[in-house]
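Note sheet for the following structure.
The values are calculated or read from the model by the stated rules, or taken from the named source; none is laboratory data. None of these values were measured; they are calculated from a predicted model. Cβ placement follows ideal geometry from the backbone for every residue including glycine, while neighbour counts extend to all protein chains displayed.
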Amino acid sequence: MSDPSRPTQPRTEAPPGLDTPGLVLLYGSTPNGWKVTYALQALKEAGLIPDYTVVEVYLETGEQFQPWFRKLIDNRAHKAPISVFESASILLYLSRTYDKRYLLHFEDDDLEQRMLDWIFWVQGGLGPMQGQANHFARYSGERVEYAVERYTTETKRLYAVLDEHLEDKEYIVGGKLSYADITAQPWVRCHFWCHIPLDPYPHLRAWHDRVENLPVIQRALKVPQQDLVTRVKQDPELERRIMEAMQARKEKAEREKEESAA
């Protein structure tokens, strides 16, 4: 899902803001990006971090493959004392380094382990499967029915697993918002993008809405600007414009490839 108003070409030089003191998040408006803004906003409002800086990365342009971006993984390439990549790793780093009051995790070892179980369940299952469902439903040039069916069916199965787990629970672990919810909910809120309704999963839907409507989450979804899922729900025409912009980008890339090969 990409905003049709955003740049169509990657920046070849590092954007400003990367050397800002404190926590700097390189962010794309995706489920993986929302996980981290959820956590950062909650920690900020609880006084566990002073603030954070967001630097947007335009993933749809391939900016993440530019040399300036790839160098950021190497701590020697910039001034930050440490760089952390992969969304779950970032959450665990924030938990270990800043969340000393157990705002979003647990002092109890058993609850902490259950939380980790669900985080890795998302990272190894729900995220990759729904990501592939999104790809074959929306982005692949040629519709491959087997792939659409395979990944959509598996995403539905995983929704059913979480729905059953949440039958008697408000949150995934321990009766409060935790990094487990923060890891899973951003994927579920994109259910419509791979054409999966939440009606067959009433407990999952109730949990999704509960997390979505938390004031701190609503504020996180406005960082650095209102997220695309909310905007699509508010503007039915935006989905069509997104798909048209994606098709135009694809056709442009194909023309450029043909021209370079000529």
Inset, instruction - Among what's in region 9-21 and is surrounded by 14 or more Cβ atoms within 10 Å (Cβ to Cβ) and touching a helix residue (DSSP H, G or I) at 6+ places or on another chain (Cβ under 7 Å), pick the residue that is modelled with the lowest pLDDT. - result: Pro10
Inset, instruction - Specify the residue that is farthest from the chain's Cα centre (by Cα); the eligible residues are those in region 118-146 that are surrounded by fewer than 16 Cβ atoms within 10 Å (Cβ to Cβ) and of a type in the set (A, V, I, L, M, F, W, C). - result: Val144
Legend entry - Members of region 20-75 that are part of a loop (DSSP other than H, G, I, E, B) and under 28 Å from Trp193 (Cα atoms): Gly28, Ser29, Thr30, Val57, Tyr58, Gly62, Gln66
Legend entry - Single condition Arg96 does not satisfy, out of (1) in contact (Cβ under 8 Å) with a residue 12 or more places away in the chain; (2) assigned by TED's automatic domain parsing to the domain that holds Gly47: (1)
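Conditions tested, residue by residue: (1) out of contact with any Pro (no Cβ under 6 Å at 6 or more places or on another chain); (2) without any contact (Cβ under 8 Å) to a residue 24 or more places away in the chain; (3) assigned by TED's automatic domain parsing to the domain that holds Arg189.
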residue: Tyr38; (1), (2), (3): yes, no, no
residue: Ala42; (1), (2), (3): yes, no, no
residue: Leu48; (1), (2), (3): yes, no, no
residue: Phe65; (1), (2), (3): yes, no, no
residue: Ile73; (1), (2), (3): yes, yes, no
residue: Ile90; (1), (2), (3): yes, no, no
residue: Arg114; (1), (2), (3): yes, no, yes
Inset, instruction - Evaluate the following for Phe106: is it assigned to a loop (DSSP other than H, G, I, E, B), more than 30 Å from Met243 (Cβ to Cβ) and touching a residue at least 12 places away in the same chain (Cβ under 8 Å)? - result: yes
Inset, instruction - Determine which member of the set Val24, Val57, Val84 is of a type in the set (Val, Ile, Thr), surrounded by 14 or more Cβ atoms within 10 Å (Cβ to Cβ), over 30 Å from Ile242 (Cα atoms) and at pLDDT 85 or above. - result: Val84
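For every residue, the table says whether it meets (1) surrounded by fewer than 17 Cβ atoms within 10 Å (Cβ to Cβ); (2) under 20 Å from Asn134 (Cα atoms); (3) under 14 Å from the mean Cα position of the chain (by Cα).
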| site | (1), (2), (3) |
| --- | --- |
| Gly33 | no, yes, yes |
| Leu40 | no, no, yes |
| Leu48 | no, no, no |
| Gln64 | yes, yes, no |
Legend entry - Given (1) within 27 Å of Leu26 (Cα to Cα); (2) surrounded by 13 or more Cβ atoms within 10 Å (Cβ to Cβ); (3) more than 20 Å from the chain's Cα centre (by Cα), index of the condition Lys176 fails: (1)
Inset, instruction - Would you mind stating whether Asp181 is out of contact with any Cys (no Cβ under 6 Å at 6 or more places or on another chain), crowded, with 21+ Cβ neighbours inside 10 Å and acidic (Asp, Glu)? - result: yes
